[in-house]
Amino acid sequence: MKLIYPILFISIFLNSLALEAQTITSSPYSMYGIGDIVPNGFGQSKAMGGAGIAMSSNLWLNNINPASYHSIDSLFFLLEAGIDGRQSTFSNGIQKQSNHNINFSYFALAFRITPWWSNSLGLAPFSSVGNNINTTKAIEGSSENFNVNLQGTGGINQYYWGNSFKIVKDLYVGLNISYLLGTIKQTESLTSGYFSGSLTTEDKMTLNKLYFNYGIQYSFNINKNIKTTLGGIFGNKDQMGLKHDVTIFGNANDTLEHNVIQQSSFTLPQYFGLGASVKFGDKLLLASDYKFYNWSQSESLQPNVKFVNSTNYCIGAEFMPSTSFRASYIAKMKYRLGGYLNNSYLMIQGQQIRDMGLSAGIGVPISNKFYISLAYQIGQRGAVKNNGLITEKYQTLMFNVSFADIWFLKPKFD
Amino acid sequence: MNRFWILLYFISIFYIISSCKKNDNNLTVGDNLVNVNSDIVINDTSTLKTYTVKSDSIITSGTAKLLVGKYQDGNFGSITATSYFQVGVSSALTLETNAVFDSISLVLHYSNYYYGDTTRPYAIEAHQLMDKLDYNQNDNGYRYNTSKAIRSDPTPIGKTTFYPRPSSNTVIYVSLSKDMGKNLFDTIMERQTETDGYDQTKFLNYFRGIALVPKAGAISSIIRFGATDSSLYMRLYYHVGETSKYLNFSIFNGYLQFNKIDDDLSFNKSPLDTLRRLKDRLSSLKSGNATYCQGGTGFLTKIEFPYLKNLQFTTEHIKILKAQLILCPVKSTYKTIGLPPKLFLYEANDLNQIGYNLTDTLSQHLTVDNIYNETTAYTLDITSYISSIIQDRTDNIPAVIVTLPNVDFKTTLERVILSNGLGQANSTRLKIWYWRY
């Protein structure tokens with residue numbers, strides 16, 4: 001029986017509760033805005049440099065472009081879940097410090113509803129905050145400093161429902177409806193030789209917002225073997241209200257004040273992306289994306305950080321040596337490679353933070369129904385030589401499991 | 001079913017590993033990269049208004065201390081201290097029938113304090129009181145530094161001049177009039193056979209008490225002597241045959257003993273002379289940017305914090321972390337007469353009345369700059385007082401009064417002159433550390 005499906009749903013639900021408390025990031029760059037905004041894309045995309053606007057698969061899910069679900073076979077039910085591990089080393093030119101995190105990253109399921117409509121439901125991180133930074137600030141009226149520790153945890157998750165609609169043959173549009181929900185806590189602690197204990201300001205920001213974004217994909221064959229897909233994604237500028245719950249603690253651990261301040265607002269930028277992919281038979285897939293985010297319309301709430309327009313470029317390839325079912329196991333694995341360059345929306349000290357890296361991965365068929373993917377990424381964000389910013393060197397490994405099963409059986413005629 | 005278990009297995013592994021995290025954190029960055037919302041501020045420019053006020057009167061009775069002498073200087077004027085006390089006996093007096101009178105003396109013991117110049121000869125006189133020291137004439141049971149003098153015989157019964165050594169154990173013997181002594185001796189001999197003998201009541205009727213005064217014109221110092229049974233007594237010496245004996249008349253009814261302290265400020269036209277009642281006040285601006293504080297004469301320094309409450313209006317959220325009141329003695333004023341080791345601080349109202357004693361909960365220390373006399377200061381920690389002022393929403397101007405510890409205020413002439421140079425380097429000031437969040 002298909003008992004497996006209710007059990008899967010239940011464990012997914014339980015894991016979503018665990019995801020609430022996760023902090024995926026540990027980086028000083030995550031303390032701005034609503035944290036590090038996590039790029040969309042699952043196992044296959046991650047190994048291909050993050051590309052995916054013009055990709056669509058009948059085995060793997062792609063939440064970069066909501067129009068991509070059109071390849072799902074009407075009989076199949078797809079399920080994917082992933083774990084993400086990240087190891088980072090931070091350097092400010094003088095000190096070095098490392099962190100590592102392993103998190104339950106995402107899960108999603110998908111199936112076809114009608115011949116022209118397929119959908120996917122999933123839970124993935126939207127943004128993540130994890131910082132623990134020490135700094136000093138001058139005491140007003142003195143030449144001395146006091147010490148500050150800034151700690152942030154939390155993040156925002158997206159619970160999404162992506163839909164792909166067939167307009168005409170080979171032309172699909174997508175609509176993604178997501179519910180952004182999460183809490184970010186930033187704590188500022190002051191210590192000094194002039195008093196014992198610490199003075200703390202704790203700000204718990206909560207967000208819940210419905211958010212929409214759109215996609216389009218169009219494929220055409222150049223010849224019998226070569227298929228080209230063009231894709232586009234788009235999202236509107238969206239202002240969100242963050243509710244702040246601020247608590248002030250004095251140095252005797254007494255609560256001095258506890259108040260809920262009126263909302264501050266954070267604006268998600270208008271964005272668009274363009275992608276193109278070329279598939280050579282079933283053996284080789286090449287894909288490339290460009291994304292542009294209009295962050296300059298958003299205001300940063302922190303005076304030392306400015307939001308600027310950000311751009312993202314990526315390119316990736318996937319290769320399967322042999323499609324013949326007699327071929328060896330190794331030959332039937334998918335091999336992936338990619339690279340990316342991201343000019344972040346953060347401008348600190350007049351420097352736009354740049355993040356770039358390379359990726360590689362494999363997709364391993366376990367059985368007819370199971371695939372395991374491994375995606376490895378290595379990259380660098382920020383640069384110390386620019387005004388004492390922090391250089392972050394990171395490596396990530398994403399492990400995910402895909403499950404594709406025949407769910408829908410056509411009723412037999414009697 | 002196999003696949004079901006495999007999938008469940010994977011999902012549970014995911015779940016278990018997902019709580020894994022290691023952060024050996026605390027990366028330090030410059031403050032230009034991050035935004036710290038709150039501030040710590042040190043403020044020591046808050047305006048203080050300082051005044052000298054004069055205490056109505058100081059209880060000087062029953063302190064078990066005599067203050068006698070005279071000293072004058074340009075700061076506190078000419079101060080004269082006179083002490084009045086009774087001597088008496090605890091039981092009826094008896095003398096042997098063949099006793100022979102020798103002499104009579106007043107015996108004094110130093111009490112380790114002086115005010116003035118002990119290099120000058122110290123001259124005092126003892127006078128017999130003509131009026132009784134009557135408890136019923138006391139004010140609420142007390143007598144004060146300002147109480148009326150008790151009428152006494154203008155001819156002294158004894159006088160002495162010596163160089164005082166107030167920290168020593170030397171005992172001072174003031175020879176008293178032999179005539180007076182012989183009269184007393186004869187009276188005792190005569191009346192000791194009466195009913196009840198020659199007891200304390202009869203003695204007190206005859207000998208009402210002693211006033212110790214500085215000799216007129218002798219300005220040198222004010223010395224403090226003890227006034228207890230063992231430190232203050234009149235001794236009548238006699239002999240029986242070859243044996244020397246004596247009768248002791250110790251200080252009696254100690255609660256009646258008091259010190260009268262007169263302060264004549266007119267001779268140097270000191271502005272302190274304008275202070276007559278407690279509610280009078282003399283701004284430091286009119287007394288050379290200085291305020292005065294002295295035990296015995298009763299001068300007090302009052303400090304007002306007129307703009308302190310504005311802190312709560314200019315910044316909504318503040319917490320006082322530490323507050324120090326730094327009192328600075330005027331540079332040249334403590335060379336000859338030293339500084340009191342400790343000061344007391346009281347909350348005060350606009351009538352200059354004192355309230356809560358802040359000194360219980362505050363810590364203080366005095367640093368003396370022996371080299372340049374630039375940084376001498378009393379530093380008093382008044383954190384909880386200032387914290388409560390900031391939270392007070394009434395219109396009252398917060399004020400404190402600086403004085404000496406109680407005992408010293410009554411039994412010494414300890415003094416300090418505090419500067420309020422309004423912004424000068426070593427001026428009385430309030431230093432506050434606060435958190436603005």
Can you spot a residue in the stretch B:117-140 that is touching a residue at least 60 places away in the same chain (Cβ under 8 Å), over 24 Å from residue B:255 (Cα atoms) and crowded, with 20+ Cβ neighbours inside 10 Å?
yes
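Scanning the stretch A:71-113 for residues that are outside any strand (DSSP E or B) and among the small types (Gly, Ala, Ser), which turns out surrounded by the most Cβ atoms within 10 Å (Cβ to Cβ)? Let's see the steps before the verdict.
Initial filter on the stretch A:71-113 (outside any strand (DSSP E or B)): A:71-75, A:92-95.
Checking the rest, the ones that are also among the small types (Gly, Ala, Ser) come to A:71, A:74, A:93.
Numbers: A:71: 19, A:74: 13, A:93: 11.
Checking each candidate, the answer is A:71.
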For the stretch A:269-284, does any single residue satisfy the condition of being within 22 Å of residue A:174 (Cα to Cα), surrounded by fewer than 19 Cβ atoms within 10 Å (Cβ to Cβ) and touching a helix residue (DSSP H, G or I) at 6+ places or on another chain (Cβ under 8 Å)?
yes
If you scan the stretch B:270-297, which residues turn out to be of a type outside the set (A, V, I, L, M, F, W, C), more than 24 Å from residue B:145 (Cα to Cα) and surrounded by fewer than 19 Cβ atoms within 10 Å (Cβ to Cβ)?
B:283, B:286, B:288, B:289
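Out of the residues in the stretch A:196-232 that are within 14 Å of chain B (Cβ to nearest Cβ) and among the hydroxyl-bearing types (Ser, Thr, Tyr), which is farthest from residue A:291 (Cα to Cα)?
Start the filter on the stretch A:196-232 by keeping residues that are within 14 Å of chain B (Cβ to nearest Cβ), which leaves A:196-203, A:205.
Next, from what is left, pick out any that are among the hydroxyl-bearing types (Ser, Thr, Tyr): A:196, A:198, A:200-201.
Working: A:196: 50, A:198: 44, A:200: 40, A:201: 37 Å.
The extreme case among them is A:196.
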Are any residues in the stretch B:193-224 buried (at least 17 other Cβ atoms within 10 Å of the Cβ) and closer than 17 Å to residue B:89 by Cβ, and if so, which ones?
B:198, B:199, B:200, B:202, B:203, B:204, B:207, B:208, B:209, B:210
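Do we find that residue A:156 is touching a Leu at 6+ places or on another chain (Cβ under 6 Å), among the β-branched types (Val, Ile, Thr), part of a strand (DSSP E or B) and at the interface with chain B (Cβ under 10 Å from one of its Cβ atoms) in this structure?
Values: touching a Leu at 6+ places or on another chain (Cβ under 6 Å): yes; among the β-branched types (Val, Ile, Thr): yes; part of a strand (DSSP E or B): yes; at the interface with chain B (Cβ under 10 Å from one of its Cβ atoms): no.
Here the answer is no, as residue A:156 does not meet what is asked.
Of these, A:83, A:64, which one is of a type outside the set (Lys, Arg), under 29 Å from residue A:239 (Cβ atoms) and at pLDDT 80 or above?
A:64
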Might you let me know whether the stretch A:184-195 holds any residue that is away from chain B (no Cβ under 14 Å), over 30 Å from the mean Cα position of the chain (by Cα) and not β-branched (Val, Ile, Thr)?
no
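Let's see how each residue does on (1) modelled with pLDDT of 85 or more; (2) within 19 Å of residue A:44 (Cα to Cα); (3) surrounded by 14 or more Cβ atoms within 10 Å (Cβ to Cβ):
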residue: A:300; (1), (2), (3): no, no, yes
residue: A:310; (1), (2), (3): yes, no, yes
residue: A:320; (1), (2), (3): yes, yes, yes
residue: A:330; (1), (2), (3): no, yes, no
residue: A:345; (1), (2), (3): yes, no, yes
Could you look through the stretch A:129-153, keep only residues that are at the interface with chain B (Cβ under 7 Å from one of its Cβ atoms) and of a type in the set (A, V, I, L, M, F, W, C), and pick out the one that is farthest from residue A:28 (Cα to Cα)?
A:139
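Specify the residue that is surrounded by the most Cβ atoms within 10 Å (Cβ to Cβ); the eligible residues are those in the stretch B:350-377 that are closer than 17 Å to residue B:52 by Cβ and not acidic (Asp, Glu). Break it down stepwise before answering.
Filtering the stretch B:350-377 down to residues closer than 17 Å to residue B:52 by Cβ leaves B:350-354.
After this cut, where a residue has to be not acidic (Asp, Glu) as well, the list is B:351-354.
Details: B:351: 10, B:352: 20, B:353: 14, B:354: 18.
Per the stated criteria, the residue is B:352.
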Return the residues of the stretch A:328-381 that are among the polar types (S, T, N, Q) and either within 14 Å of chain B (Cβ to nearest Cβ) or within 30 Å of residue A:295 (Cβ to Cβ) (or both); say none if nothing qualifies.
A:342, A:343, A:344, A:349, A:351, A:352, A:359, A:367, A:368, A:373, A:377, A:380
Being within 14 Å of chain A (Cβ to nearest Cβ) and over 18 Å from the mean Cα position of the chain (by Cα) narrows B:36, B:107, B:89 down to just B:36
Restricting to the stretch B:298-317, what's the tally of residues that are in a strand (DSSP E or B) and buried (at least 20 other Cβ atoms within 10 Å of the Cβ)?
5
Could you count how many residues in the stretch B:317-352 are in contact with a Ser or Thr (Cβ under 6 Å, 6 or more places away or on another chain) and away from every other protein chain (no Cβ under 14 Å)?
7
Out of curiosity, is residue B:437 aromatic (Phe, Trp, Tyr) and closer than 14 Å to residue B:327 by Cβ?
no
If you check residue A:118 against the conditions, is it crowded, with 17+ Cβ neighbours inside 10 Å, closer than 18 Å to residue A:61 by Cα and within 11 Å of another protein chain (Cβ to nearest Cβ)?
no
Of the conditions (1) in contact (Cβ under 8 Å) with a residue 12 or more places away in the chain; (2) within 14 Å of chain B (Cβ to nearest Cβ); (3) not small (Gly, Ala, Ser), residue A:94 clears all except one; give me its number.
(1)
Out of the residues in the stretch B:267-297 that are touching a helix residue (DSSP H, G or I) at 6+ places or on another chain (Cβ under 8 Å) and in a loop (DSSP other than H, G, I, E, B), state the one that is farthest from residue B:74 (Cα to Cα).
B:280
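The values are calculated or read from the model by the stated rules, or taken from the named source; none is laboratory data. Since the structure is predicted, the reported quantities are computational estimates derived from the model, not experimental observations. Note that each Cβ is placed from the backbone with ideal geometry, even for glycine, and that neighbours are counted across all protein chains shown.
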